[in-house]
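Quick notes on the structure that follows.
Taken together, the values in this text are just the output of simple stated rules run on the coordinates, not laboratory data. Because the structure is predicted, anything quoted here is derived from the model rather than measured. So basically every Cβ, Gly included, is an ideal-geometry build from the backbone, and we count neighbours across all protein chains shown.
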Amino acid sequence: MAKIALLGYGTVGSGVAEVLHKNAASIARKAAEEITIKYILDMREFPDDPFGDLVVHDFSIIEQDPEIAVVVECIGGATVALDYVRRALLAGKDVVTSNKELVATHGHELLMIAKQKSLNFLFEASVGGGIPILRPLTSCLAANDLTEICGILNGTTNFILTKMFKEGKPFDEVLKIAQEKGYAERNPAADIEGTDACRKICILAALAFGRHVYPEQVPTTGITAITGTDVAFAAESGMTVKLLGRAIRREDGKICAYVAPHFVPLDNQLANVEDVFNGIVVCGDAIGDVMFYGRGAGKLPTASAVVADVIDATKHHSTKKFLDWAEGGPDVVADMAALPMRWFIRTTESLLRIGKCFGDAEVMSRVIDGQVGFFTPKMPKCRVDEILSGGFSAAAPIPILA
Ligand code: HSE
């Protein structure tokens, strides 16, 4: 029998306990032994919960218990969680985590400790919620030189944008529903400001391209500035608005990664990824495009990925395959501002000025909320910024997914 400890009994932690309990028999068959929770570490008590008597408040009980084979970290953040995960690995325990902040900021270090100690450090649930993406990326697509990853990586913002687009609901109302459904981070600023998607594209880029990409190296724009006017312009032009994380490997080997809301043509496969669903397109030189799709947030979908990692860690305690990436650095990334793209811009400037500043712009015939919308020719963001800071008054430009 494998005994595990759960760190954190919030949305994900309680989902993990629920799935382990509900599917105990089939999980035992797949892991080749029974998996039981021995401890739940949380600051709170849960007197009415079926697992309430497993609650402890001191991590050293778990750290010092030789019976604990796997520690499952669902606390979130990179302070206490980092300390506990480091200590768990150093104490010889496999670690499974759903914590994208931890992996995006300290993944290289933790993978190195796991490797030195010959332990599993698994984090499938950190990207895409319940979608299998990290294993396929590193195993099934291993034959490819990967060139690009582009995806809807945050369920909360996709839920908000879908409701704004399809039902014309206001931003704040939909955010509240996403929080009630357990999709949003404890501080939903991480969702709506794009930080969560940024951490996820860092993890994907590191696994795909082999070097750590740090969140501070990834220019990130969330959806807080997206208005009903943008959504109406998108609909008018046969597109929708999606928050995308992208990581592109350039020919010189540098990685250009960023997060931003995009206009996405309705015939693009990502346009049809709605509500809390995530969609991730991976491009490889042998396979072309592959798309991964499924529920990107929520208690049970995330628990599904965590428990699969627990089964893997249990089954492969002595035959593990290490995930790996090398340290990052300033030489790893390229500036996304140099990437040529088409941009949607809305403005109150005259057609004459649009033509003068942007040349061959495609101007939309319908005026919405007193503004004109237009699409620029392909140009790098640094050039668009130059024009806007030179006195062309406009809302923040939104890139078009080609
Ligand atoms: N808040 C995250 C999201 C949870 O909405 O995608 C899953 O990582």
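For the reader, a short list of remarks on this structure follows.
- Residue order, fewest to most beta carbons within 10 Å, for T220, T138, T376: T138, T220, T376
- Three-way shape label, region 1-141, alpha-carbon gyration tensor, a/c 1.5: rounded
- Assuming charge only on the beta carbon of Lys and Arg (+1) and of Asp and Glu (-1), the dipole of region 289-402 about its Cα centre is about 360 debye to the nearest 20.
- Set K3/K200; K100/K169; K30/K320; K30/K117; K93/K115; K181/K299 screened for pairs whose C-alpha atoms are more than 19 Å apart: K3/K200; K100/K169; K30/K117
- Comparing I311, I152, I177 in a Gaussian network model of the chain where C-alpha atoms under 10 Å apart are linked, the largest mean-square fluctuation is found at I177.
- Distance between modelled label sites at R186 and D267, nm, 7 Å Cα→Cβ extension: 4.7 nm
- A simple charge model with +1 on the Cβ of Lys and Arg, -1 on the Cβ of Asp and Glu and nothing else charged puts the dipole of the chain at about 580 debye relative to its Cα centre.
- Of all lysines in the structure, those lying under 20 Å Cα to Cα from K356, and not within fewer than 8 positions of it along the same chain, are K378, K381.
- Distances between placed amide hydrogens fall under 5 Å for R211 paired with A326, all partners being 5 or more residues away or on another chain.
- Expected 222 nm ellipticity per residue - DSSP helices of 4 or more, -39500 (n - 2.57), all of the chain, to 500: -10500 deg cm²/dmol
- The GluC sites (Glu not before Pro) of region 189-278 that DSSP puts in a loop, and whose beta carbon has at most 16 other beta carbons within 10 Å, are E251.
- Principal-axis tilt of helix 100-117 within the chain, Cα atoms, nearest 10 degrees: 40 degrees
- Percent RCO, i.e. relative contact order, over the chain, from Cα pairs under 8 Å lying at least 6 residues apart: 18 percent
- Pairwise FRET efficiency - K169 versus H316, Cβ, R0 = 60 Å, nearest 0.05: 0.85
- Angle between the chain longest axis and helix 195-209 axis [Cα atoms, degrees, rounded to 10]: 80 degrees
- For I226, net neighbour charge (Lys/Arg +1, Asp/Glu -1) across residues whose Cβ lies under 14 Å away: -1
- According to the Kirkwood relation over distinct C-alpha pairs, the hydrodynamic radius of the chain is 22.2 Å.
- The GluC sites (Glu not before Pro) of region 321-391 that meet both conditions, a loop assignment by DSSP and at most 11 other Cβ atoms within 10 Å of the site Cβ, are E327.
- With a Förster radius of 51 Å applied to the beta-carbon distance between E18 and L351, the computed FRET efficiency rounds to 0.30.
- Of the trypsin sites (Lys or Arg not before Pro) found in region 366-395, the ones in coil according to DSSP and having at most 15 other Cβ atoms within 10 Å of their Cβ are R366, K378.
- Karplus (6.51, -1.76, 1.60) ³J(HN,Hα), θ = phi - 60°, over region 172-181, in Hz, Gly and Pro reported as x: 4, 4, 6, 4, 4, 5, 4, 5, 4, 7
- Degrees, to the nearest 10: 155-167 long Cα axis against longest axis of the chain: 40 degrees
- About the Cα centre, charge dipole magnitude for region 138-295 (Lys/Arg +1, Asp/Glu -1 at Cβ), debye: 300 debye
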